[in-house]
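*Asks:* Starting off with a structure, shown below.
The values are calculated or read from the model by the stated rules, or taken from the named source; none is laboratory data. The shown structure was predicted, so the numbers you read here are calculated from the model rather than taken from an experiment. Quick reminder, even Gly has a Cβ in these numbers, built from the backbone with ideal geometry, and neighbours come from all protein chains shown.
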Amino acid sequence: MTKNRMYFGMLILALAAIVVWASYSMFHAGRNEKSHSVSVIVNDSNSDRWISLRQGLEQAAKDYNLDLNYVSTGELSSPEEELALAERELENGAEGVILQMVSSEVDSKEWTELEGKTAIVLLETDIKTEGIFTYVGPDNRALGLALSESVKQELGESMEGKKIGILSGNQNQLSLQQRLQGLLEGLESTSAEVAWNMDNEELSERKEKQQSVMPERVDAIVALGNNETERMIDYLWEYAFSEQPTP
């Protein structure tokens with residue numbers, strides 16, 4: 001089974017949970033072919049990284065008779081902004097919300113109240129609560145360990161004298177915290193040095209100050225997510241053709 005099929009399978013299970021929540025009373029009243037409205041809220045919704053997600057959701061929507069509404073978003077900045085979007089979708093008739101959180105640190109009371117009104121499935125980003133929300137995502141620590149193994153294959157098992165740069169992404173997300181933990185655990189068994197570890201905030205600050213993305217030259221750069229990889233490619237392209245010295 002391919003990774004895509006596994007991921008689609010998880011999405012279908014998540015959508016099934018939404019249908020069960022939205023249709024509970026209907027099951028007791030007899031069969032009803034009414035479709036159900038589900039809103040999808042993700043960070044930077046037009047990004048190419050969501051192509052596979054859309055394909056999986058649309059296939060599941062056909063199977064479960066759902067109407068999907070992809071909420072147009074740019075770079076989401078806070079859980080409060082996402083809460084406002086989710087509440088707006090609920091007011092507009094959404095029976096379920098699929099949501100990628102920008103932060104795992106949220107006011108759980110407000111989100112718990114919202115979860116009591118509609119079915120919420122969290123995508124990729126878990127929230128530190130008592131298992132209140134349905135969560136769909138990979139084993140992030142295992143992903144980090146797998147990344148460390150890829151680095152070892154590229155640079156050699158011992159990696160004596162090698163330097164690693166890490167682009168750790170949005171460290172407000174529990175998922176990326178766990179990936180970073182797995183990566184660092186995997187690198188502990190090597191002689192490599194982690195020369196720098198930049199999250200999105202530090203990377204943006206360096207960009208605004210027109211500083212090189214690489215505070216120190218390294219033998220390998222590890223990015224913990226698709227967005228981080230794309231950002232690094234863009235910045236490295238600028239760096240390669242910039243005459244600015246490395247600070």
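*Asks:* Take the residues of the stretch 68-113 that are β-branched (V, I, T) and in a loop (DSSP other than H, G, I, E, B): which is nearest to Q173 (Cα to Cα)? Before you say what the answer is, go through the steps one by one.
*Replies:* Quick first cut of the stretch 68-113, residues β-branched (V, I, T) only: 71, 73, 97-98, 102, 106, 112.
After this cut, where a residue has to be in a loop (DSSP other than H, G, I, E, B) as well, the list is 71, 73, 102, 106.
Values: V71: 21, T73: 18, V102: 6, V106: 11 Å.
Among residues in the stretch 68-113 that are β-branched (V, I, T) and in a loop (DSSP other than H, G, I, E, B), the one nearest to Q173 (Cα to Cα) is V102.
*Asks:* Got a sec? Which of L145, L224 is under 30 Å from L99 (Cβ atoms), surrounded by 14 or more Cβ atoms within 10 Å (Cβ to Cβ) and in contact with a Lys or Arg (Cβ under 6 Å, 6 or more places away or on another chain)?
*Replies:* Details: L145 fails: in contact with a Lys or Arg (Cβ under 6 Å, 6 or more places away or on another chain).
It is L224.
*Asks:* Separate question: Could you tell me whether the stretch 114-124 includes any residue that is assigned to a loop (DSSP other than H, G, I, E, B), within 20 Å of the chain's Cα centre (by Cα), surrounded by fewer than 13 Cβ atoms within 10 Å (Cβ to Cβ) and not assigned by TED's automatic domain parsing to the domain that holds E193? Quick ask: steps written out before the conclusion?
*Replies:* Narrowing the stretch 114-124 to residues assigned to a loop (DSSP other than H, G, I, E, B): 116-118, 124.
From what is left, the residues that are within 20 Å of the chain's Cα centre (by Cα) are 124.
From what's left, surrounded by fewer than 13 Cβ atoms within 10 Å (Cβ to Cβ): none.
There is no residue in the stretch 114-124 that is assigned to a loop (DSSP other than H, G, I, E, B), within 20 Å of the chain's Cα centre (by Cα), surrounded by fewer than 13 Cβ atoms within 10 Å (Cβ to Cβ) and not assigned by TED's automatic domain parsing to the domain that holds E193.
Residue-wise test of (1) touching a helix residue (DSSP H, G or I) at 6+ places or on another chain (Cβ under 9 Å); (2) of a type in the set (F, W, Y); (3) in a helix (DSSP H, G or I); (4) in contact (Cβ under 8 Å) with a residue 40 or more places away in the chain.
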| position | (1), (2), (3), (4) |
| --- | --- |
| S175 | yes, no, yes, yes |
| Q178 | yes, no, yes, no |
| Q181 | yes, no, yes, yes |
| G186 | yes, no, yes, yes |
| S191 | no, no, no, no |
| M198 | yes, no, no, no |
| E201 | no, no, yes, no |
| R206 | yes, no, yes, no |
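*Asks:* For the stretch 149-173, how many residues meet the condition of being outside any loop (DSSP other than H, G, I, E, B) and buried (at least 20 other Cβ atoms within 10 Å of the Cβ)? Before you say what the answer is, go through the steps one by one.
*Replies:* From the stretch 149-173, those outside any loop (DSSP other than H, G, I, E, B) are 149-155, 163-169; that's our starting set.
Now restrict to residues that are buried (at least 20 other Cβ atoms within 10 Å of the Cβ): 151, 164-169.
Matching residues across the stretch 149-173 total 7.
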